[in-house]
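The values are calculated or read from the model by the stated rules, or taken from the named source; none is laboratory data. Just so it is clear, the structure is predicted and the values come from calculations on it, not from any experiment. In this analysis, Cβ positions are derived from the backbone assuming ideal geometry, glycine residues included, and neighbour counts consider all displayed protein chains.
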């Protein structure tokens, strides 16, 4: 089995962060979202991976190549340029030369707690032409939804239905045999002028191909919006185990926290679950639960909780910051008293002076 991971698109719902970085590279628990997808695919035994790249292709390529996937995991990765995003089914057509075998297609902004190993086994074991992953949701109107027959087979797929036939939504991970290429060539663009993967799968169903499904048991997050990224950060931090490789002076570390090498904590409280990346300086501050701080950050005279701070950022006199997403190399400095309890979404290289 091969792997096709999608890391294109513009990420408009995540601006201003995505003005300067690809959405799949935004860190959750200090790891790019894209890396969770790569790790899941490798864990399922995939050794040949194609990554679809688009507007920020150089950034994606550089970040992925910063890890030794070929040495550490025995995986070969190649990059496939899509250009203008024209739908998920279009990415399959773009990657046609690469897809000469059955494959898993994984949207690179998805995070799945349980991985895909068992789902891949069921796809192979049942000899399906395609298999989709479904999960129960409270708001099926916002997703693609599967209408399931009484015998458990898939009747149809409905995209964001006003009156949902059920609450089983499509997760952004699919298993296909090469016949999906034929399906993608037969469908027409939707009202969004995109080739929809749901239409391609429906073509398989309508033409007598075997399309199965499996149900996700653990949590799944599509990190398309800031609140989704923060929720994914909470879910991952919930599973961490304590590790302290830094130094603490006149400080308290409460609960489960990962504190990496080179971190200096002075006159501060760190309350887990939380994660502080290497070579950070924390002074006279409170790092609250569900906070991830990237490497080489400085946090001083600040309370921060339930937030993500990306690498090389400085927050000095920031007051109380909650539920915030702060980009790379951001500088937030307070010169006068400001109201407490701020929520921020700050793009890379920004400077906020109060």
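Restricting the stretch 145-159 to residues that are at pLDDT 85 or above and in contact with a helix residue (DSSP H, G or I) (Cβ under 7 Å, 6 or more places away or on another chain), the residue that is surrounded by the fewest Cβ atoms within 10 Å (Cβ to Cβ) is 156. Conditions first: (1) modelled with pLDDT under 95; (2) touching a strand residue (DSSP E or B) at 6+ places or on another chain (Cβ under 8 Å). Residue 239 passes all but one, so which condition is the exception? Going through (1) modelled with pLDDT under 95; (2) touching a strand residue (DSSP E or B) at 6+ places or on another chain (Cβ under 8 Å) one by one, residue 239 breaks only (2).
Being on the phi < 0 side of the Ramachandran plot and not in a helix (DSSP H, G or I) is a description that applies to residue 138.
Among the numbered conditions (1) touching a helix residue (DSSP H, G or I) at 6+ places or on another chain (Cβ under 9 Å); (2) at pLDDT below 90; (3) surrounded by 18 or more Cβ atoms within 10 Å (Cβ to Cβ), the only one that residue 57 does not meet is (1). Inside the stretch 191-212, residues that are outside any loop (DSSP other than H, G, I, E, B) and touching a residue at least 60 places away in the same chain (Cβ under 8 Å) make up a count of 7. Checked against the criterion of being in contact with a helix residue (DSSP H, G or I) (Cβ under 9 Å, 6 or more places away or on another chain) and modelled with pLDDT of 80 or more, the stretch 10-23 contains not a single residue that satisfies it.
Residues in the stretch 231-248 that are surrounded by 21 or more Cβ atoms within 10 Å (Cβ to Cβ) and closer than 14 Å to residue 33 by Cβ: 232, 233, 236.
When residue 45 is tested against (1) at pLDDT below 90; (2) assigned to a loop (DSSP other than H, G, I, E, B); (3) more than 17 Å from residue 172 (Cβ to Cβ), exactly one condition is not met: (1).
When we screen 177, 215, 188 for residues that are over 26 Å from residue 100 (Cα atoms) and either touching a residue at least 12 places away in the same chain (Cβ under 8 Å) or in the same structural domain as residue 100 (by TED's automatic domain parsing) (or both), the only hit is 215. Take the conditions more than 22 Å from residue 7 (Cβ to Cβ) and surrounded by fewer than 16 Cβ atoms within 10 Å (Cβ to Cβ) and apply them to residue 139. Does it pass? Yes. Yes or no: the stretch 99-112 includes at least one residue that is more than 16 Å from residue 42 (Cβ to Cβ), outside any strand (DSSP E or B) and within 18 Å of the chain's Cα centre (by Cα). Scanning the stretch 99-112 turns up at least one residue that is more than 16 Å from residue 42 (Cβ to Cβ), outside any strand (DSSP E or B) and within 18 Å of the chain's Cα centre (by Cα).
Only residues that are under 21 Å from the mean Cα position of the chain (by Cα) and assigned to a strand (DSSP E or B): list them for the stretch 308-320, please. Hits for the stretch 308-320 are 308, 309. Of the residues making up the stretch 61-104, just one is in contact with a strand residue (DSSP E or B) (Cβ under 8 Å, 6 or more places away or on another chain), within 21 Å of residue 194 (Cβ to Cβ) and at pLDDT below 90, namely 82. Which numbered condition in (1) within 30 Å of residue 128 (Cα to Cα); (2) assigned to a loop (DSSP other than H, G, I, E, B) is the only one that residue 92 fails? For residue 92, the exception is condition (2). Among residues belonging to the stretch 321-350 that are closer than 19 Å to residue 280 by Cβ and part of a strand (DSSP E or B), point out the one that is modelled with the lowest pLDDT. The extreme case among them is 346.
If you check 268, 307, 292 for being surrounded by 17 or more Cβ atoms within 10 Å (Cβ to Cβ), touching a strand residue (DSSP E or B) at 6+ places or on another chain (Cβ under 9 Å) and over 19 Å from residue 327 (Cβ atoms), only one passes: 268.
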